[in-house]
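In what follows, a structure is listed as structure tokens, so that the remarks can point back to it.
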């Protein structure tokens, strides 16, 4: 089976007039939003567009191949996708505009989005998922006790500001946190914009708390939401979903299934799986049981303390964590022992998490063997 890169080889010569927009096109545009288009794509506030082909030319003029090879896997894959899109009839002339990229440590906010005008007379508003900054990941964890988080509010402002004067039908989408932002923006945007929304794609993104899912705003767009998750979904199992989920196959294992670039494609659709794997259900059960036993303040303290430790250890990105050596580990332990209060909060929360994980594993094993 192929991937979205193969899809561009197989069907990139087909225009949208020849083959209508589909779920794979959605995934491609969501993935494209990870590319750093600062000072390349015209920013929010400008009505100027730049084609994908022009954006690619400017990007590869600005960034050397050696630098691109040093990127993390998500950004590196996204740049390769841009390169291939620029050579296709389907996407080369798509118009990129209204790019915004905001990282605000004081607000714990990581947000990026842009408009992509397609030749079928529609616009796709792509919301970037979590990048490799720990600020972005902390905001994800904050969703366990806070609604809305700053990026969700920013998504609504962005959509209202950039779509208010338009007339084109709109699709919204994103991968990981970007999918969550797309759903939130669709639900909470101005009525005139909401009426123009055709579909909303949540590609393996987290859900919401039950109060949001019960709101009239969410119910108004629920029927337009398309949620896609891989068999071993972790992020997409977090919090609550009401809408149906399409489960797709990935050519990789474990965490790598979260990456859109690993999802298997045949023709103009993803390869279906019957259901998510048992491991996903076990993780979902354990995390939900864990959260039920922590009140809102305890959840906040846990997240604040974990990321306070990262801050004291001078860790800023996910790469910093994966490249951490024993000296950094020693710094983490020292930071943890610095405060008995922080240590107590973390110890209790982790003890509950491990206990619920064991219970979920035992119950899952019992059901399989029973």
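Taking the options 212, 208, name whichever one is surrounded by 21 or more Cβ atoms within 10 Å (Cβ to Cβ) and over 19 Å from residue 30 (Cα atoms).
Numbers: 212 fails: surrounded by 21 or more Cβ atoms within 10 Å (Cβ to Cβ).
Answer to the selection: 208.
Can you pull out every residue in region 99-113 that is more than 13 Å from residue 170 (Cβ to Cβ) and part of a strand (DSSP E or B)?
Selection gives 99, 100, 101, 102, 103, 104, 109, 110, 111, 112.
How do the pairs read when you match residues in region 177-204 that are under 25 Å from residue 136 (Cβ atoms) and not assigned by TED's automatic domain parsing to the domain that holds residue 135 with residues anywhere that are buried (at least 24 other Cβ atoms within 10 Å of the Cβ) and modelled with pLDDT of 95 or more, using Cβ under 7 Å and keeping only pairs 6 or more apart or on different chains?
No pair meets every condition.
Considering only region 87-98, I want to know if a residue exists there that is in contact (Cβ under 8 Å) with a residue 24 or more places away in the chain, crowded, with 20+ Cβ neighbours inside 10 Å, under 14 Å from the mean Cα position of the chain (by Cα) and assigned to a strand (DSSP E or B).
No, region 87-98 has no match at all.
Please state which of the following conditions residue 54 fails to meet, knowing it meets all the rest: (1) farther than 20 Å from residue 128 by Cβ; (2) surrounded by fewer than 15 Cβ atoms within 10 Å (Cβ to Cβ); (3) in contact with a strand residue (DSSP E or B) (Cβ under 9 Å, 6 or more places away or on another chain).
The failed condition is (2).
Across region 2-40, what is the number of residues that are assigned to a loop (DSSP other than H, G, I, E, B), more than 21 Å from the chain's Cα centre (by Cα) and on the phi < 0 side of the Ramachandran plot? Don't jump to the end; show me each part of the working.
The initial filter retains those residues of region 2-40 that are assigned to a loop (DSSP other than H, G, I, E, B), namely 3, 12-22, 33-40.
Restricting the remaining residues to those that are more than 21 Å from the chain's Cα centre (by Cα) gives 12-20, 39-40.
Okay, now just the ones that are also on the phi < 0 side of the Ramachandran plot, so 12-20, 40.
So the count comes out to 10.
Could you please find all residues in region 274-304 being surrounded by 20 or more Cβ atoms within 10 Å (Cβ to Cβ) and farther than 30 Å from residue 246 by Cβ?
Correct list: 301, 302, 303.
Filter region 137-155 for residues that are buried (at least 19 other Cβ atoms within 10 Å of the Cβ) and farther than 20 Å from residue 241 by Cβ; which is modelled with the lowest pLDDT? Talk me through it step by step, then tell me what you get.
Of all residues in region 137-155, those buried (at least 19 other Cβ atoms within 10 Å of the Cβ) come to 137-145, 149, 151-152, 154-155.
Cutting the leftovers down to farther than 20 Å from residue 241 by Cβ gives us 137-138, 154.
Details: 137: 73, 138: 80, 154: 97.
Checking each candidate, the answer is 137.
Search region 253-273 for residues being at pLDDT below 95 and surrounded by 15 or more Cβ atoms within 10 Å (Cβ to Cβ), and hand back the single one that is nearest to residue 75 (Cα to Cα).
Pass one, region 253-273, residues at pLDDT below 95: 253-259.
Filter again for surrounded by 15 or more Cβ atoms within 10 Å (Cβ to Cβ), leaving 257-259.
On the way: 257: 16, 258: 14, 259: 11 Å.
Only one residue tops the list, namely 259.
Which count do you get for residues in region 52-76 that are outside any helix (DSSP H, G or I) and more than 25 Å from the chain's Cα centre (by Cα)? Break it down into steps so the answer makes sense when it comes.
So in region 52-76, the residues outside any helix (DSSP H, G or I) come out as 63-64, 70-72.
When the remaining residues are screened for being more than 25 Å from the chain's Cα centre (by Cα), the result is 64.
Summing the residues that are outside any helix (DSSP H, G or I) and more than 25 Å from the chain's Cα centre (by Cα) in region 52-76 gives 1.
Does region 181-188 contain any residue that is surrounded by fewer than 24 Cβ atoms within 10 Å (Cβ to Cβ) and under 27 Å from residue 146 (Cβ atoms)? Full working, then the answer.
Taking region 181-188 and keeping what is surrounded by fewer than 24 Cβ atoms within 10 Å (Cβ to Cβ), we get 188.
Right, trim to under 27 Å from residue 146 (Cβ atoms) and you get 188.
So far as region 181-188 goes, yes, one or more of its residues are surrounded by fewer than 24 Cβ atoms within 10 Å (Cβ to Cβ) and under 27 Å from residue 146 (Cβ atoms).
The values are calculated or read from the model by the stated rules, or taken from the named source; none is laboratory data. Owing to the predicted nature of the structure, the values given are computational and were not obtained by experimental measurement. Glycine also receives a Cβ, built like all others from the backbone with ideal geometry; neighbour counts cover every protein chain displayed.
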